[in-house]
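> Here it is, the structure, as structure tokens.
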Amino acid sequence: MDQATLDLITYRLSYVWAAYSVVMIGLFVYLSTIGRRQRKLAQDINLLRQAIEEKRK
Amino acid sequence: MDPKDHGRGHFALGWLALALLLVSAFAIFRYAPLEKVMLEVQKIFYVHVGVAWNAFLAFAVVCVASIAYLKTKNRRWDVLAAASAEVGLLFTTLVLLTGPVWGRFAWNTWWTWEPRLTTTLILWFIYVAYFLIRSGVAEPHRRASLSAVFGIIGFLDVPIIYFSVRLWGSHPIVLGKGGGGLHPMMLQALIITVFAYTALYVYLTQKAMAVERAKMELDEIKEGLREGAQA
Amino acid sequence: MGFLVKVAGLVRKDLLSELRTKEMISSMLIFAFLVIVIFAFAFEPSKATTKAVFPGIIWVGFSFAGILGLGRSFTAERENDCLLGLMLAPVDRSAIYFGKVISNFFLVTLMQVVSLPVFFVLFDYRVTAGGIGKLVIIMVMATFGFMAVGTLLAALSANARTSEILLPLILFPIIVPVVIAAVKLTAMALAGSSWGEMGMWLRMLVVYDVLFLVIPFMLFDFVLEV
Amino acid sequence: MATGQFMAVLGPNGAGKTTLLKILSLLVKPTTGQIAINGQEVGDHLVKLRREIGVVSHNTFLYPNLTAYENLRFYGRMYDVPDLEQRIGTVIREVGMAYALGDPVRTFSRGMQQRMAIARAILHNPSVLFLDEPYTGLDQQAMEILNEVLKGLRDQKRTVFLITHNFDQGLDLCDRVVIMARGQLVYQASARGLSAADFKDIYMSHVGGS
């Protein structure tokens, strides 16, 4: 295979790479936001629960 | 309820989705033959269709869950609808991002007003509107009812949108996405990819549902505090 | 029979109230005129390309002005909590829906009838009598679908905190098929096409009109829930 | 509760008075339990039975741009009132507003609007009448007129619920009193021979303090 063909393949693969990395980055970002939201909610719920407990005492 | 409580089988499902994604990657890059016109770039087709199909599935679930909510008034259906819409919106975004990459190579333009692409874009707007309604209504039951109504209307509108955009499109479809008939091995790779993303869709929806349920719980605690303060 | 009497009563109440203030129709008309003027500046009215996009200009004006009117139709009911008063009455929710669809349809059509000649005059657009006749029928069909789904979504958005900005955002994606069909059909009617050539589009509009009259009819109860 | 009684429902904000009203006026189906009106279980007759109910709230439900007459005619149509013209004449005299029949409601004072709201609520001759905080925003004179109208209603032997958080008003009109707090009925008794001062003590012992 000569250099020109290899360049063409690399060129075409860059599209494939772009598309797949967009999907993977998108999924990763979504998963991390979900994780962040879960932690934040768990924190808020615990805080409120503690406040209620203290009120009872 | 713990916001990390995802329901049964969530952990196993995560591993299943990951395994299926790896199998599908193998099927796409090693197993399926090279397409003759698009060559390597045709590999985008698998993930594009896999995500697109599941975006549509997600919105169908929103529609069904919305109908179920209006019939039963059980908040669990509202949680499912909201979670599914969220994952659907994510997938639609991914479809809209991978579509132009394909288009840039195939049609030498980032965007064409091709019926499927256009319909997907409008679909994206509809479900963004769905979340605008959800964030605009504070009272939980009213929010659930109103977003359910919109979830049903929006989904039923999709076939009409597709039909009208197709009728309107004077642009010729340069290349059918499969390039006519699919090679059987390509079809197998596609089916695996679709299933992989379906597993991923269910996995992500469970996560989003856990968040929605926790939000619901937080609202209830706050409501309890408010009533306690008044008494 | 009782149902029709109530729908008629609701329409009469809306139109009478509008007749007193004229706030909906006047704001829609002024808005439509403004759209004409803005487009006249943006696109040279005498150019051939402008003639080609003329049907689009008409419907952009109609859609925006129509949404302005729709937004008002339920927020007006919130004054003195009138909507609650209506819901306490032994009236089917669907009668309230049909009443609103009819009065909104009437007012928006009135706006179109007044502003359409202005569009033609200011853009110096020549058209045959037959073309006008077809255009009127197309306008009626498109506006009906627009109002049928628009009334439901206007009632829906009236419940939200940000109702004024919410309505266009949720309504526009849903009425995409109507707008496309209306623009295409208007272009065809003005170009002198026959009914036969418009067949597909007309059928699509009919399907849309029927679907989005029946579904909101079934869902309207949930939008008015307290 | 017996027909023709005049009952006051009192309680602090958030005690569930408005929810009770929403359920009793057939806007919302109760989560548990049954409601019966005139001995008829509500069940699926929701829409039909709304005819038996009139509501006066702190909002008037009147269209500000329509005249008093047009408002009454509109609501009369909605309630299928027979002999509408005649009935409008009767109720408008009952609340003493005949002179303003042709004026737009927008031009009315708060007291006039509230009297119109009562006219609207009794237009269809309901057997049960709910008054939700009818004294809100009324001046002394308007309150007296409202009391006169309410007395008239009592003499017509209608069942009336007066929902309020203000126990200085309307107590002398009532047959029974009920106190609500935290979504529960906490006290009920006959209002006959109950002085306002005595009642205040009872109210405080059930509601106040917590």
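> Evaluate the following for C:Leu169: is it at the interface with chain B (Cβ under 7 Å from one of its Cβ atoms), open to solvent by 10 Å² or more (accessible area, probe 1.4 Å), among the aliphatic types (A, V, I, L, M) and under 29 Å from C:Ala76 (Cβ atoms)?
Yes, satisfied.
> Here's another thing I want to ask about it. Being open to solvent by 30 Å² or more (accessible area, probe 1.4 Å) and within 11 Å of another protein chain (Cβ to nearest Cβ) is the filter; apply it to the stretch B:64-88 and report the residue that is farthest from B:Trp168 (Cα to Cα).
Once the filter is applied, the top-ranked residue is B:Lys73.
> Output the number of the condition that C:Tyr208 fails; it satisfies all remaining conditions of (1) assigned to a helix (DSSP H, G or I); (2) over 28 Å from B:Ala148 (Cβ atoms).
(2)
> Would you check if C:Val140 is assigned to a helix (DSSP H, G or I) and within 10 Å of chain B (Cβ to nearest Cβ)?
Criteria not met by C:Val140.
> Still on this structure, please answer the following. Which residues, counting only those in the stretch B:120-147, are more than 7 Å from chain C (Cβ to nearest Cβ) and open to solvent by less than 10 Å² (accessible area, probe 1.4 Å)?
Selection gives B:Tyr127, B:Tyr130, B:Ala144, B:Ser147.
> Does the stretch C:192-209 contain any residue that is in contact (Cβ under 8 Å) with a residue 24 or more places away in the chain, away from every other protein chain (no Cβ under 12 Å) and loosely packed, with under 15 Cβ neighbours inside 10 Å?
So far as the stretch C:192-209 goes, yes, one or more of its residues are in contact (Cβ under 8 Å) with a residue 24 or more places away in the chain, away from every other protein chain (no Cβ under 12 Å) and loosely packed, with under 15 Cβ neighbours inside 10 Å.
> Say we look at the stretch B:11-52 and pick out the residues that are assigned to a loop (DSSP other than H, G, I, E, B) and in contact with a helix residue (DSSP H, G or I) (Cβ under 8 Å, 6 or more places away or on another chain); which of these is farthest from the other protein chains (Cβ to nearest Cβ)?
B:Pro33
> Taking the stretch B:148-161 on its own, how many of its residues are buried (at least 18 other Cβ atoms within 10 Å of the Cβ) and at the interface with chain C (Cβ under 9 Å from one of its Cβ atoms)?
So the answer is 9.
> Which one of the conditions (1) under 29 Å from B:Glu35 (Cα atoms); (2) in contact with a Gly (Cβ under 6 Å, 6 or more places away or on another chain) does B:Phe91 fail to meet, given that it meets all the rest?
It is condition (2) that B:Phe91 fails.
> Continuing with the same structure: Residues A:Leu6, A:Leu13: which one is within 15 Å of B:Glu40 (Cα to Cα) and facing chain B (nearest Cβ under 9 Å)?
A:Leu13
> Which numbered condition in (1) in contact with a Lys or Arg (Cβ under 7 Å, 6 or more places away or on another chain); (2) in contact (Cβ under 8 Å) with a residue 24 or more places away in the chain is the only one that B:Val87 fails?
Going through the list (1) in contact with a Lys or Arg (Cβ under 7 Å, 6 or more places away or on another chain); (2) in contact (Cβ under 8 Å) with a residue 24 or more places away in the chain, B:Val87 breaks only (1).
> Considering only residues that are in contact with a Pro (Cβ under 8 Å, 6 or more places away or on another chain), open to solvent by less than 20 Å² (accessible area, probe 1.4 Å) and not hydrophobic (A, V, I, L, M, F, W, C), which ones fall in the stretch D:65-95?
Within the stretch D:65-95, D:Thr67, D:Tyr79 qualify.
> Quick one: is A:Gln50 loosely packed, with under 11 Cβ neighbours inside 10 Å and either more than 9 Å from chain B (Cβ to nearest Cβ) or in a helix (DSSP H, G or I) (or both)?
For A:Gln50, the condition - loosely packed, with under 11 Cβ neighbours inside 10 Å and either more than 9 Å from chain B (Cβ to nearest Cβ) or in a helix (DSSP H, G or I) (or both) - is met.
> More than 9 Å from chain A (Cβ to nearest Cβ), of a type in the set (Val, Ile, Thr), at negative phi and in a helix (DSSP H, G or I), is that true of B:Val211?
It is false that B:Val211 is more than 9 Å from chain A (Cβ to nearest Cβ), of a type in the set (Val, Ile, Thr), at negative phi and in a helix (DSSP H, G or I).
> Now a separate question. Looking at B:Ala12, B:Ala81, B:Ala68, B:Ala55 in this structure, which one is of a type in the set (Gly, Ala, Ser) and at pLDDT below 90?
Going through B:Ala12, B:Ala81, B:Ala68, B:Ala55 in turn, just one is of a type in the set (Gly, Ala, Ser) and at pLDDT below 90: B:Ala12.
> I've got another one for you. Which helices (runs of 4 or more DSSP H) sit wholly inside the stretch C:1-117 and have at least 2 residues that are open to solvent by 50 Å² or more (accessible area, probe 1.4 Å) and in contact with a Phe, Trp or Tyr (Cβ under 9 Å, 6 or more places away or on another chain)?
Output list reads C:2-21, C:48-75.
The values are calculated or read from the model by the stated rules, or taken from the named source; none is laboratory data. Note that the coordinates shown come from a computational prediction; the quantities given were computed from them, not determined experimentally. Note that we place each Cβ from the backbone using ideal geometry, even for glycine, and neighbour counts take in every protein chain shown. Protein only, heavy atoms only, side chains kept; ligands, DNA and RNA dropped before computing areas. Shrake-Rupley method; radii C 1.70, N 1.55, O 1.52, S 1.80 Å.
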